[in-house]
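A quick write-up on the structure given underneath.
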Amino acid sequence: MNLLTWIVCLIGHIGFWCVVFNRVHATAFPRRTRKLSEKFVILAVGLPILWVASLMLLQRDFEFDSFTRFRLTWIYLYGAVLLGVFFMARWVWRKFYFTMPSCVVSHSREWISIGKEIDRPIFHGAFAKLMGRVPFNEASELAIERMTFRMPIPMELDGLKICQLSDLHFTGQISLDYFRKVIEYANAFDPDIVVITGDLVDEAKCIDWLDETVGKLRSRCGVFYVLGNHDLRIDDETGLRTRLQELGLVQVSGTWNDVQRGGSVIRLTGNELPWFDDANRLPDEPDVDADLRILMSHSPDQLDWAKPFNFDLMFAGHTHGGQIALPFFGPIVAPSKYGVLYASGTFSIGRMLMHVSRGISGDEPIRICSPPELGLFTLVAEK
């Protein structure tokens, strides 16, 4: 019982600081503030564990109650136990009771080892090369997710194919060749619509990569995008948006964009909150009825903003599926106010269906049990 109490306490302790990490990284705080918070969280997690472990070894006392003599430690340790029970119960519910929405009629995953398809190094720079040697690192892989959604749409939209790319994170640490391959696979879908849900460019030196990547995307009805928090690292935001426009991409944040397929209207808009304020300046929706209404949001945290609009589909990214997930247990951190609840996957939110992509890349070139994702979503009409 004593060992079990310590285990539950440890889970509650780590879980509490993971919540702090997730909430801070869901804000528009400056990058420097968020990086400082990471260091603080690491210390807040590690120092108490080291303190308890050292006392155990020095005093040869492993009893839980021996560490609760002082009021503050009693409050914290028993609070951690309660939190541990809560986190475990929530994990069990998510793991064993969460089911894929019934409107998802098919789902398949195809693994592509892009690193083996390219005869040149994928990782560039000392840090990236080091990460490339980490066992089970999937950063040079690609998981193609194919899903079919049954929805109340007109027959003209039956078979509509939507390709989603998210979180490309052009940093220079993963080679341009990798992203060229991703674009080749996206174009091979022959999609009707392409949606890009933010975090395209981290480093100004990589802006020219846009021409060879997203500028090569092809679709029947257009390539649409929103920006994300990492795009703020490019000082010239207007210049970045202009460059994307010149490449034929359509900005949807803060605007309504109608495209037609057959006699049906597909309406798209975008949300870049909390980093850009465009969504808060969204004009009144056009009077013309739309047969399919799509929201593109960089973060799944904008669910509350989305609810009054009655969207049919929402595409998001930002969370990277946790980027590093534990086998069987899943991710423990994700930059979202919802924690890891919407770290990745497909969810039914009222009448709206939301898909959260794990993204293509990241600030750090490491992926474990959370492979890069390229998504193809086919809509079929209800019969």
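Only the coordinates and a few stated rules stand behind these numbers; no lab work does. What you see is a predicted model; the values in this text were computed from it and never measured. FYI the Cβ positions are ideal-geometry reconstructions off the backbone, even for glycines, and counts take in every protein chain you see.
The slack between Leu130 and Ile7, meaning 0.36 nm per residue of separation minus the straight C-alpha distance, is 41.0 nm. Among the chymotrypsin sites (Phe, Trp or Tyr not before Pro) found in the range 313-383, those both in a DSSP coil and sparsely packed, with 11 or fewer other Cβ atoms within 10 Å of their Cβ, are Phe328, Phe329. Would you work out if the range 43-138 is rounded, prolate or oblate? Take a ≥ b ≥ c from the square roots of the eigenvalues of the alpha-carbon gyration tensor; rounded if a/c is under 1.5, else prolate when a/b is larger than b/c, oblate otherwise. The shape class here is oblate.
Need one word for the range 155-276: rounded, prolate or oblate. Basis is the Cα gyration tensor (sqrt eigenvalues a ≥ b ≥ c); a/c below 1.5 gives rounded, then a/b vs b/c decides. Cα axes put the range 155-276 in the oblate bin. Each label was represented as a point 7 Å from its Cα along the Cα-to-Cβ direction; for Thr27 and Asp65 these points are 4.1 nm apart. Couplings for the range 134-151, taken from phi via the Karplus curve 6.51 cos²θ - 1.76 cosθ + 1.60 with θ = phi - 60°, read 5, x, 6, 5, 9, 5, 9, 9, 8, 9, 8, 9, 10, 9, 10, 10, 8, 9 Hz in order; Gly and Pro are left as x.
Pick from Gly362, Gly239, Gly254 the residue whose mean-square fluctuation is largest in a GNM of the chain, springs joining Cα atoms under 10 Å. Judging by the Gaussian network model, the answer is Gly239.
The simple spin-label model puts a point 7 Å past each Cα toward its Cβ; for Leu58 and Ser113 those points are separated by 5.1 nm. Size check on the range 100-173: the Cα extents along the three principal axes, sorted descending, read 52, 22, 21 Å. Only helical DSSP H runs with n ≥ 4 go in: add -39500 (n - 2.57) per run for the chain, normalise by residue count and round the 222 nm mean residue ellipticity to 500 deg cm²/dmol. My calculation for the chain gives -10000 deg cm²/dmol from helical runs alone. When GluC sites (Glu not before Pro) are flagged only if DSSP places them in a loop and at most 14 other Cβ atoms lie within 10 Å, the longest unflagged stretch of the chain comes out as 64-381.
Rounded, prolate or oblate, given the Cα gyration tensor of the range 1-62, with a/c below 1.5 counting as rounded? Oblate. Under a Gaussian network description of the chain, with springs only between Cα atoms under 10 Å, the residue in Asp312, Asp284, Asp202 that fluctuates furthest is Asp284. Applying 1/(1 + (r/R0)^6) with r as the Cβ-Cβ distance of Ala44 and Ile75 and R0 = 22 angstrom yields a FRET efficiency of 0.90. Considering all C-alpha pairs of the chain, those separated by over 38 Å amount to 23%.
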